[in-house]
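The values are calculated or read from the model by the stated rules, or taken from the named source; none is laboratory data. The shown structure was predicted, so the numbers you read here are calculated from the model rather than taken from an experiment. As a convention, Cβ positions derive from the backbone with ideal geometry for all residues, glycine included, and neighbour counts pool all protein chains shown. These area figures cover heavy atoms from the full protein model, side chains too; ligands, DNA and RNA do not enter into them. Shrake-Rupley method; radii C 1.70, N 1.55, O 1.52, S 1.80 Å.
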Amino acid sequence: MTVEFTPLIIDSNHLSDCKKIIRERIIPWEGLARADVISEDDANLIKILEKQSPENKRSTVLSELQLYTNTILNLLNKLEINSRDDVLKNVLVLINDLLMELPNQEFIDSSLALNKLDQSLPFYPFLKHTQNNDIIIKALCLYNLTILLTKANYRARHLKVDKEILIQIFELLSSDSFIGNSQDLNLQIIGIQLLQELVILKPFKQVYQETHLVANFKPINQLIAFQIKRPNSSNLQLLYNFLLTTWILSFSPQINRVLVHHYPELIGSLLTISKDSIKLKIVRMSVSILKNFISLAVSSNEQFKTIKLVLFHDGLNSIKLLQERKFASNGSDEELSNDLNYLYDTLSEIVNNKLTSFDEYLTELENPNLISWSSPTHKSEQFWINNSGKFKDSSFKLTKKLFDTLSSSNQNDAIKVVLLNDLQCLIKNLGDDIINFINNEKNGQYKMLIMNYLEGSSDNNELKYEALKTIQLLVGHNF
């Protein structure tokens, strides 16, 4: 079955208003021709279009499609970066209108056909002007590129998209110019819709996965987390687009492994949003992402890690509460009900048959940002009596992991305080075995690390105190 292609219509009043203003601005085409900025023929062709109604403009372009395609894209290519932005905006809006409005996408096809004559066309002239300082020029270039690239994907047998083009687009969309710009919702709205349109296509999603996935997803994760503070604000559509993009990505087990590993707090964000939001589409999307994270895992081991994260964030109780809400309990939303049932059954099975308090501790150690006193394992004497021996297994593998986390510059002092407490519990239960390991491993670097916290310049007295207690145990004092 042939899938019909439809160009993306960005839902943005801001962009629509900008395009309207640009169309109404008068451009001195004759003066540009006299100044040799453009040729006289180019100026005459553009002037003809400028005087016509939208309907007549479309008819004129269709009557000489190849001529207008060549002229307009060559004009775009001739214009210098950060020079005559008024002209550049006018050309970009004209191109966008033609890409969107010609009845059978004739301008899209004629633009893509130029690739047979010149492999830099039609993409690189737009990519060139993404370096412009003007954000609307960047947005229009990316918008036109997205339309052309997505149509090119439908013609993959005839036109192969250069991977480097996609890499540059993904990095720009994820940057502070668009999705990463937390101060400008208009730019976030544009950026996330463009990204969503690209990653929904499997070959483009593959490129997104292979190149800078962690960095490119970071602003999306941050913005989803930020919405926890205002789950029912006026920006619900923006949140929905963030979640929809994440949902599209979550159909790749490889991407799920990366996202869950690098952004474990995303699990907690999704659970909180699903509980607090009053919008059904927000709840449905959050739950579906969680379900995909678990059901679409690269291995049973990775699936278990994800389940432990969900349980760590009190996921079982959250899912149970959602099941009791009207939309789930009365079966009015079958898809959501099925997802909730899957999550509840899967989590319950693990809790009843497999999960231990040691699994909870491992979840924290695997995701250090989750380490806190809120987990009772850190202060439970019985936990350490039962589990300290496991820290000697495989040549002290878990102890090494603890020290790696403790020494990481990414960890704040509060996490280090908890880990030093854990070391004290291990020393009390393992005695000389772990004392000898700490003193001798890596030529005493582990011991020096603790000494540095005691003698360092940190103003955190709690950290210094926990370091002192640990050193005293190491040298044989009881505390």
Does Leu112 meet the test of being more than 22 Å from Lys89 (Cβ to Cβ), in a helix (DSSP H, G or I) and assigned by the TED database to the domain that holds Thr71?
yes
Restricted to the range 139-161 and to residues being free of Cβ contacts under 8 Å to residues at least 40 places away in the same chain and open to solvent by 30 Å² or more (accessible area, probe 1.4 Å), the residue nearest to Gln209 (Cα to Cα) is Lys160
The range 222-239: number of residues that are closer than 17 Å to Lys281 by Cβ, open to solvent by 50 Å² or more (accessible area, probe 1.4 Å) and outside any loop (DSSP other than H, G, I, E, B):
1
Filter pass, Phe251 being in the same structural domain as Asn292 (by the TED database), of a type in the set (A, V, I, L, M, F, W, C), at pLDDT 95 or above and not in a helix (DSSP H, G or I)
yes
Of the residues in the range 257-272 that are closer than 17 Å to Asn317 by Cβ and among the hydroxyl-bearing types (Ser, Thr, Tyr), the one that is most open to solvent (accessible area, probe 1.4 Å) is Thr272
Counting only residues that are among the hydroxyl-bearing types (Ser, Thr, Tyr) and under 32 Å from the mean Cα position of the chain (by Cα), which one in the range 378-417 is nearest to Leu449 (Cα to Cα)?
Ser407
Within the set of pairs 6 or more residues apart or between chains, which connect a residue that is closer than 14 Å to Leu99 by Cα inside the range 46-72 to a residue that is modelled with pLDDT of 90 or more and among the hydroxyl-bearing types (Ser, Thr, Tyr) with Cβ atoms less than 6 Å apart?
Val61/Tyr68; Leu65/Ser110; Thr69/Ser110; Thr69/Ser111
Flagged pairs (Cβ under 8 angstrom, 6 or more apart or on separate chains; first in the range 431-454, assigned by the TED database to the domain that holds Lys469; second surrounded by 13 or more Cβ atoms within 10 Å (Cβ to Cβ) and among the acidic types (Asp, Glu)) are Tyr453/Glu466
Check the range 47-60 and report whether any residue there is β-branched (Val, Ile, Thr) and under 41 Å from the mean Cα position of the chain (by Cα).
no
Only residues that are surrounded by 14 or more Cβ atoms within 10 Å (Cβ to Cβ) and part of a loop (DSSP other than H, G, I, E, B): list them for the range 350-377, please.
Leu355, Asn367, Ile371, Ser375
Here is a list: Gln196, Gln188. Which entry is open to solvent by 10 Å² or more (accessible area, probe 1.4 Å) and in contact with a Ser or Thr (Cβ under 8 Å, 6 or more places away or on another chain)?
Gln196
May I ask you to say which residue of Leu322, Leu316 is in contact (Cβ under 8 Å) with a residue 40 or more places away in the chain, out of contact with any Gly (no Cβ under 7 Å at 6 or more places or on another chain) and over 30 Å from Leu430 (Cα atoms)?
Leu322
Which one is most open to solvent (accessible area, probe 1.4 Å) among residues in the range 393-430 that are without any contact (Cβ under 8 Å) to a residue 24 or more places away in the chain and assigned to a helix (DSSP H, G or I)?
Lys397
Only one of Ile415, Ile427, Ile434, Ile438 is touching a Gly at 6+ places or on another chain (Cβ under 9 Å) and among the aliphatic types (A, V, I, L, M), namely Ile438
So which pairs qualify, if the first residue must be in the range 340-359 and assigned by the TED database to the domain that holds Ile294, the second must be among the β-branched types (Val, Ile, Thr) and outside any helix (DSSP H, G or I), the Cβ gap must be under 9 Å, and the two must be at least 6 apart or on different chains?
none
Matching residues in the range 18-45 - criterion: being touching a residue at least 40 places away in the same chain (Cβ under 8 Å) and surrounded by 15 or more Cβ atoms within 10 Å (Cβ to Cβ):
Cys18, Lys19, Ile22, Ile27, Leu32, Val37, Ile38
Residue pairs meeting the criteria (Cβ under 7 Å; at least 6 apart or on separate chains; first more than 14 Å from Ile220 (Cα to Cα), in the range 163-186; second polar (S, T, N, Q)):
Ile167/Thr211; Asn186/Ser12
